[in-house]
Amino acid sequence: SVLGIRGRVLYLSVLVAFAACNAPPVPSDDIFIEKTFVPEQCVRAVKVGDYVRYHYNGMFPDGKKFDSSYDRGSTYNVFVGKKQLIEGMDKALVGMCVNERRLVKIPPQLAYGKQGYGDIIPPDSILHFDVLLLDVWNPEDSVQINTYHTPATCSRKVEVSDFVRYHYNGTLLDGTLFDSSHTRMRTYDTYVGIGWLIAGMDQGLLGMCVEERRIITMPPSLGYGENGDGSDIPGQASLVFDVVLLDLHNPRDGITVTNQIVPESCTRKTVAGDFVRYHYNGSLLDGTFFDSSYSRNHTYDTYVGRGYVIAGMDEGLIGVCVGERRTITIPPHLAYGEEGTGTKIPGSAVLVFDIHIIDFHNPSDTTEVTVTYKPEECDKKTKKGDFVKYHYNASLLDDTSIDSTYNYGKTYNIVLGVNQVVPGMEDGLMDMCVGERRHVVIPPHLGYGERGVTDEVPGSAVLVFDIELVEMEEGLPEGYMFIWNEDVSPDLFSEMDKDNNEQVEPSEFTDYILRQVNEGKGRLAPGFDPYRIIDNMFSNQDRNGDGKITEEEFKLKADEASAHDEL
């Protein structure tokens, strides 16, 4: 046991006490004290009533050793000034600092006097003790806290029943290291104030802020007591813990949303079921970085409220606007729990996400069309099949510019209703007047979908177009690529057969159709290659596919009720 001395040592201590009680009083200056080592700092000096742990070598003036705590492998532990020591030692220890070393010369009257101690210490012996003080405490001591670093901000402090993650170095009062979380490269994770820790640490952690550093000193009664821990911590040892708090939460915690920056115009906020694209920086509560979408140069894209992300993020992404920034602090039971991710996120870690909402939509969204200008006269409106020319500025929902026809100095020209643009743009251009301007918002499923356009449009991006209709040409009825503007000539075949060889060659057919269009007698569908239309018309008339049309083929085709492009 480190509390007492067994065998010969125990007998010696009793004799010391007996001698101290019966020795005649002598002046204290009969003790000679030489301070052979004095530490630079002395936070506390021994007083009467303190309990000390010290090592010593006991020698006679000629240098012959008669006793040593080093030889027993155990410090000598005792109260000072309570007659548990020879009187000279009781006096010699007063005023000593931890790690101080003294050579103490004690005259016989303050040691074992005329009786000596058996065969070990002769009568009237002067005793020399080389003493090294290792520990001092008092039964009235409580936990001592010295905070040497306080973070600039502290929104929350440790309370009873909180769960904390901290690093520490544990030493004895003389600086001997007995344990360190740093060497294990793993924080110590525990509840505070419910008996999971030694009493001194339970008290010493209360009131700490994340990133705060403090030194917690505790007497053995609040540490490992009389028996120590059985290995590295001796009995009756004061303990010193150098602690840095890294993380703090309570099992009752929900998410916390702070640092909100909401754009002035926010017409819509996210709800469960929306698909969100956002950027984020992820860190632990002490600021340790673990992930960022910015480093990948790609937003994180997900549904919210459906369990596709950790529960805390699912909740934190509800009710946000496009362009909004916010900080979401998520306790571990709403993040990655006790296990963490095994690499970057430790178990039981609070997570902090700084997020920026770039885009969101709902799968049920349709194209949103807002008329920003409409001319007073609007006789004709666009419809399916019309050939339209328009200008546009295209951007993402966060105002990132994608493209603009104004940069090219020419309009974008399409035929409506034939899939020449994304479905959302088809919607945005319908029922529009020449000169009209519109603001068109297109959800990704009516735009470029999940894949987007490489290096231009991100996947799952909402598109915004500001469009102006510059010109339109009325299309043909649905299903037609050519129509007559007047009655068809009864001698149509002979008019085509210029060389009168009773068959129409492709060149004759093409020349004839183009002439009818140029003279205003017929119309080709606008916006398409006229030669391709004419080639298709010729193929439809050439029933046997021999590259020429006979009068018989002409008549048979004309008799078909479903003829559209045919003549």
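The values are calculated or read from the model by the stated rules, or taken from the named source; none is laboratory data. Quick caveat: nothing in here was measured; it's all calculated off a predicted structure. Don't worry about glycine lacking a Cβ; one is built from the backbone with ideal geometry, like all the others, and counts go over all protein chains shown. Just the protein is used for accessible areas: all its heavy atoms, side chains included, with ligands, DNA and RNA removed. Shrake-Rupley method; radii C 1.70, N 1.55, O 1.52, S 1.80 Å.
Quickly run through segment 45-56 and pick out the residues that are in contact with a Leu (Cβ under 9 Å, 6 or more places away or on another chain) and either open to solvent by 20 Å² or more (accessible area, probe 1.4 Å) or not assigned by the TED database to the domain that holds R102 (or both).
Step one: filter segment 45-56 for residues in contact with a Leu (Cβ under 9 Å, 6 or more places away or on another chain), giving 46, 50, 52-56.
Passing the criteria: only H55.
Every condition in (1) more than 30 Å from R186 (Cβ to Cβ); (2) in contact with a strand residue (DSSP E or B) (Cβ under 8 Å, 6 or more places away or on another chain); (3) open to solvent by 40 Å² or more (accessible area, probe 1.4 Å); (4) of a type outside the set (S, T, Y) holds for K381 except the one numbered (2). From the list D90, D71, D67, the one residue that fits, being modelled with pLDDT of 95 or more, open to solvent by 60 Å² or more (accessible area, probe 1.4 Å), under 27 Å from G118 (Cβ atoms) and not in a loop (DSSP other than H, G, I, E, B), is D71.
Any residue in segment 111-129 that is within 22 Å of D174 (Cβ to Cβ) and in a strand (DSSP E or B)?
Yes, segment 111-129 contains a residue that is within 22 Å of D174 (Cβ to Cβ) and in a strand (DSSP E or B).
Inside segment 442-456, residues that are in contact with a strand residue (DSSP E or B) (Cβ under 6 Å, 6 or more places away or on another chain) and either surrounded by 20 or more Cβ atoms within 10 Å (Cβ to Cβ) or farther than 28 Å from G409 by Cβ (or both) make up a count of 3. Residues in segment 512-529 that are β-branched (V, I, T) and open to solvent by less than 40 Å² (accessible area, probe 1.4 Å): 1 in all.
Whether any residue in segment 337-348 is touching a residue at least 24 places away in the same chain (Cβ under 8 Å) and either closer than 27 Å to V271 by Cβ or not assigned by the TED database to the domain that holds K269 (or both) is what I want to check. Before you say what the answer is, go through the steps one by one.
Here is the first cut: in segment 337-348, the ones touching a residue at least 24 places away in the same chain (Cβ under 8 Å) are 344-348.
Narrowing further to those that are either closer than 27 Å to V271 by Cβ or not assigned by the TED database to the domain that holds K269 (or both): none.
No.
For the criterion of being in the same structural domain as H279 (by the TED database) and either farther than 28 Å from L245 by Cα or more than 24 Å from the chain's Cα centre (by Cα) (or both), E324 passes.
Going by the structure shown, is Y448 over 28 Å from the mean Cα position of the chain (by Cα), within 30 Å of T299 (Cα to Cα) and part of a loop (DSSP other than H, G, I, E, B)?
So Y448 passes the test.
Quick grid of which residues meet (1) charged (D, E, K, R); (2) outside any loop (DSSP other than H, G, I, E, B); (3) open to solvent by 40 Å² or more (accessible area, probe 1.4 Å):
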residue	(1), (2), (3)
L133	no, yes, no
A152	no, no, yes
S161	no, no, no
Y168	no, yes, no
T171	no, yes, no
G175	no, no, yes
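Scanning segment 267-320 for residues that are among the acidic types (D, E) and either assigned to a loop (DSSP other than H, G, I, E, B) or at pLDDT below 95 (or both), we see that the one that is surrounded by the most Cβ atoms within 10 Å (Cβ to Cβ) is D274. Scanning for something free of Cβ contacts under 8 Å to residues at least 24 places away in the same chain, assigned to a loop (DSSP other than H, G, I, E, B) and under 29 Å from the mean Cα position of the chain (by Cα), does segment 179-188 turn up at least one residue? Looking through segment 179-188, at least one residue is free of Cβ contacts under 8 Å to residues at least 24 places away in the same chain, assigned to a loop (DSSP other than H, G, I, E, B) and under 29 Å from the mean Cα position of the chain (by Cα). Step by step: first the residues of segment 198-249, then only those that are touching a Lys or Arg at 6+ places or on another chain (Cβ under 7 Å) and of a type in the set (V, I, T), then the one that is farthest from Y336 (Cα to Cα). Which residue is that? Restricting to residues being touching a Lys or Arg at 6+ places or on another chain (Cβ under 7 Å) and of a type in the set (V, I, T), the top hit is V243.
So, T343, is that one assigned to a loop (DSSP other than H, G, I, E, B), of a type in the set (V, I, T) and at pLDDT below 95 or not? I'd like the intermediate steps shown before the answer.
Details: assigned to a loop (DSSP other than H, G, I, E, B): yes; of a type in the set (V, I, T): yes; at pLDDT below 95: yes.
Considered against the rule, which asks whether it is assigned to a loop (DSSP other than H, G, I, E, B), of a type in the set (V, I, T) and at pLDDT below 95, T343 comes out as yes.
For segment 201-257, give me each residue that is within 20 Å of the chain's Cα centre (by Cα), surrounded by fewer than 21 Cβ atoms within 10 Å (Cβ to Cβ) and in a strand (DSSP E or B). Reasoning before the result, please.
The initial filter retains those residues of segment 201-257 that are within 20 Å of the chain's Cα centre (by Cα), namely 209-211, 245-251, 253-257.
Within this subset, residues satisfying the condition of being surrounded by fewer than 21 Cβ atoms within 10 Å (Cβ to Cβ) are 209, 211, 250-251, 253-257.
Scanning segment 201-257 gives T256, V257.
So that you can scan it fast, the table gives a plain yes or no per residue for (1) at pLDDT 90 or above; (2) touching a helix residue (DSSP H, G or I) at 6+ places or on another chain (Cβ under 8 Å); (3) in a helix (DSSP H, G or I); (4) surrounded by 13 or more Cβ atoms within 10 Å (Cβ to Cβ):
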{"residue": "S494", "(1), (2), (3), (4)": "no, no, yes, yes"}
{"residue": "T510", "(1), (2), (3), (4)": "yes, yes, yes, yes"}
{"residue": "R532", "(1), (2), (3), (4)": "yes, no, yes, no"}
{"residue": "R543", "(1), (2), (3), (4)": "no, yes, no, yes"}
{"residue": "E552", "(1), (2), (3), (4)": "no, no, yes, no"}
{"residue": "E560", "(1), (2), (3), (4)": "no, no, no, no"}
{"residue": "E566", "(1), (2), (3), (4)": "no, yes, no, yes"}
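In the set (1) on the phi < 0 side of the Ramachandran plot; (2) without any contact (Cβ under 8 Å) to a residue 40 or more places away in the chain; (3) open to solvent by 20 Å² or more (accessible area, probe 1.4 Å), H128 fails one condition alone, (2).
Just one of Q144, Q115 is within 30 Å of G228 (Cβ to Cβ), open to solvent by 60 Å² or more (accessible area, probe 1.4 Å) and in contact (Cβ under 8 Å) with a residue 40 or more places away in the chain; which is it? Break it down stepwise before answering.
Working: Q115 fails: within 30 Å of G228 (Cβ to Cβ).
It is Q144.
For G459, the conditions (1) under 30 Å from E376 (Cα atoms); (2) out of contact with any helix residue (DSSP H, G or I) (no Cβ under 6 Å at 6 or more places or on another chain); (3) not in a strand (DSSP E or B) are fulfilled apart from (1). Residue count for segment 65-112 under the criterion of being closer than 22 Å to D135 by Cβ, touching a Pro at 6+ places or on another chain (Cβ under 8 Å) and without any contact (Cβ under 8 Å) to a residue 40 or more places away in the chain: the result is 0. For segment 39-62, residues that are farther than 21 Å from N138 by Cβ and free of Cβ contacts under 8 Å to residues at least 60 places away in the same chain total 2.
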